[in-house]
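Asks: Sharing a structure with you now.
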Amino acid sequence: MALVQTNHSAGTNWLRLERRGVANRAGFISAIILFLTVVSVPVLLPYLWLLVKSLTSSDDAVSRAVLWRSTAIAGVAYIGAIALALLADKLRKPALSWAALGIVIVILAAIFLAPHLTLDNYRFLWNRDIGGTGTTRMNLMPSIWAALGSSVVFAVSQTLIVTLVATPAAYALSRFAFAGRENFLRGLLLLHAFPALALTVAIFIQLHYMGLLNNLMGVVLVMSALELPFAIFVLKSFFDNVPWDIEMSAVTDGATRSQAFRMVLLPQVRSGLIAVATFTFLRGWEEYVFVQTLLIDKSQMTMSLYLFFVAQDTMGADYGMIAAVGIIYLLPVLILYTFTQKYITQMSFGGIKG
């Protein structure tokens, strides 16, 4: 009888522990979701409002109503997505549930948002006269397409220069021992930590004497020089974590050092190369200070300058149009991130993450 009671007591304890474990897990997951939500809302909400504002009229009352309605619909979508994700194991047809959630969101948007949306704020895509006052300075500015092209040329050129120079430099620092190597690495860190804005006057004078002032490629060279130390240091960490034996095995099999570098080593650090190239592109795409300072003739202005001049030209009154330019400004970055996100998430400073 005592043995039965003991077993029954042990069974009860196991059930209690199981319930406690389930409760603790549920509480932990809830706390994590709550924390991520609180952290993410201040970051994501401005982007949602930027998109909605670019699609609404300049009427303040209507604009505010649409902003809060879109926030509520986004909240419904977020809560529904979390619920479906947590219940994924219990749903018989998860795809059907996600489709139902999508249909609900589309219906809510069609009822509460669609009647108030407009594309009028995007008229700068086909009409340069966006001031609407007759005294607009848009005739002194390039079109949005010219500014977009200048930004692409600027960012792509900077990315190519930094990547092509930083890769062999990082390889040499990783694989070869030479006098002053450690001091050189310390110098790279010091150069990256040095405030670039303190060099603005010196760079302005230098470009003037080099004949590169008011030249887009001059700004490209300046930004490439400023970004190189960080790119070299990061890529060196990736090369450091590729085993030396892999490269030597290729050399032993008859490959030259150049062939081993191109065919064996570079594929091993592909994630690092793509991540560094992506960050360099983003840095060039968002650059404003040096572009504003070194490009006196605004006919070569980039998208960052274009956004500033649109805001100045409209005197801050047409927030819908400013938001629309901001959306166009963000699109290339979103497209780039869509294709490179899997490599960026694999990036690990100090080594390769498989």
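The values are calculated or read from the model by the stated rules, or taken from the named source; none is laboratory data. Quick caveat, the model's predicted, so the values are computed rather than measured. Here the Cβ is made from the backbone with ideal geometry for all residues, glycine too, and neighbour counts use every protein chain on show.
Asks: Among (1) modelled with pLDDT under 85; (2) closer than 30 Å to L213 by Cα; (3) buried (at least 18 other Cβ atoms within 10 Å of the Cβ), there is one condition L305 misses while meeting the rest; what is its number?
Replies: Going through (1) modelled with pLDDT under 85; (2) closer than 30 Å to L213 by Cα; (3) buried (at least 18 other Cβ atoms within 10 Å of the Cβ) one by one, L305 breaks only (1).
Asks: Every residue in the range 257-312 that is among the charged types (D, E, K, R) and either farther than 17 Å from I161 by Cα or in a helix (DSSP H, G or I) (or both), please. Please lay out each step first, then the result.
Replies: Initial filter on the range 257-312 (among the charged types (D, E, K, R)): 257, 262, 270, 283, 286-287, 297-298.
If the condition is that a residue be among the charged types (D, E, K, R) and either farther than 17 Å from I161 by Cα or in a helix (DSSP H, G or I) (or both), then R257, R262, R270, R283, E286, D297, K298 are the ones that fit.
Asks: Determine if the range 191-210 includes at least one residue that is polar (S, T, N, Q), under 30 Å from F339 (Cβ atoms) and over 24 Å from the mean Cα position of the chain (by Cα). Break it down into steps so the answer makes sense when it comes.
Replies: At the first step, the residues of the range 191-210 found to be polar (S, T, N, Q) are 200, 206.
Then drop every residue that is not under 30 Å from F339 (Cβ atoms), which leaves none.
No, the range 191-210 contains no residue that is polar (S, T, N, Q), under 30 Å from F339 (Cβ atoms) and over 24 Å from the mean Cα position of the chain (by Cα).
Listed here are the residues, each with its yes/no results for (1) free of Cβ contacts under 8 Å to residues at least 60 places away in the same chain; (2) among the hydrophobic types (A, V, I, L, M, F, W, C); (3) in a helix (DSSP H, G or I).
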site: T159; (1), (2), (3): no, no, yes
site: V162; (1), (2), (3): no, yes, yes
site: P168; (1), (2), (3): yes, no, yes
site: L199; (1), (2), (3): yes, yes, yes
site: A202; (1), (2), (3): yes, yes, yes
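Asks: Continuing with this model, one more query. When the range 38-61 is examined, which residues are found to be surrounded by 14 or more Cβ atoms within 10 Å (Cβ to Cβ) and either among the acidic types (D, E) or over 21 Å from L330 (Cα atoms) (or both)?
Replies: S58 - this is the single residue of the range 38-61 that is surrounded by 14 or more Cβ atoms within 10 Å (Cβ to Cβ) and either among the acidic types (D, E) or over 21 Å from L330 (Cα atoms) (or both).
Asks: Also, I was wondering about something else. With the requirement that a residue be at pLDDT below 90 and surrounded by fewer than 16 Cβ atoms within 10 Å (Cβ to Cβ), what does the range 309-332 give you?
Replies: Q312, M315, G316, A317
Asks: Now for a separate question. Let me confirm something: among F112, F124, which residue is modelled with pLDDT of 85 or more and surrounded by 14 or more Cβ atoms within 10 Å (Cβ to Cβ)?
Replies: Going through F112, F124 in turn, just one is modelled with pLDDT of 85 or more and surrounded by 14 or more Cβ atoms within 10 Å (Cβ to Cβ): F112.
Asks: Can you name the residue in the range 28-66 that is small (G, A, S) and part of a helix (DSSP H, G or I) and, of all such residues, is farthest from A81 (Cα to Cα)?
Replies: It comes out as A61.
Asks: If A74 satisfies all but one of (1) under 30 Å from the mean Cα position of the chain (by Cα); (2) surrounded by 12 or more Cβ atoms within 10 Å (Cβ to Cβ); (3) over 30 Å from G27 (Cα atoms), what's the number of the condition it fails?
Replies: Failing condition for A74: (3).
Asks: Further question: Looking for something at pLDDT below 90, in the same structural domain as M301 (by TED's automatic domain parsing), touching a strand residue (DSSP E or B) at 6+ places or on another chain (Cβ under 8 Å) and not β-branched (V, I, T) - is there at least one such residue anywhere in the range 227-238?
Replies: yes
Asks: Looking at (1) at pLDDT 85 or above; (2) among the aliphatic types (A, V, I, L, M); (3) in contact with a Ser or Thr (Cβ under 6 Å, 6 or more places away or on another chain), which one does L91 not meet, given that it meets all the others?
Replies: (1)
Asks: Follow-up question, since we're still on this one. In this structure, is A100 in a loop (DSSP other than H, G, I, E, B), without any contact (Cβ under 8 Å) to a residue 40 or more places away in the chain, of a type in the set (G, A, S) and farther than 27 Å from L330 by Cα? Steps first, please.
Replies: On the way: in a loop (DSSP other than H, G, I, E, B): no; without any contact (Cβ under 8 Å) to a residue 40 or more places away in the chain: yes; of a type in the set (G, A, S): yes; farther than 27 Å from L330 by Cα: yes.
No, not satisfied.
Asks: Has the range 241-263 got any residue that is more than 28 Å from Q341 (Cα to Cα) and in contact with a Gly (Cβ under 6 Å, 6 or more places away or on another chain)?
Replies: no
Asks: Looking at the range 230-282 only, could you name the residues that are within 22 Å of the chain's Cα centre (by Cα) and surrounded by fewer than 16 Cβ atoms within 10 Å (Cβ to Cβ)?
Replies: R270
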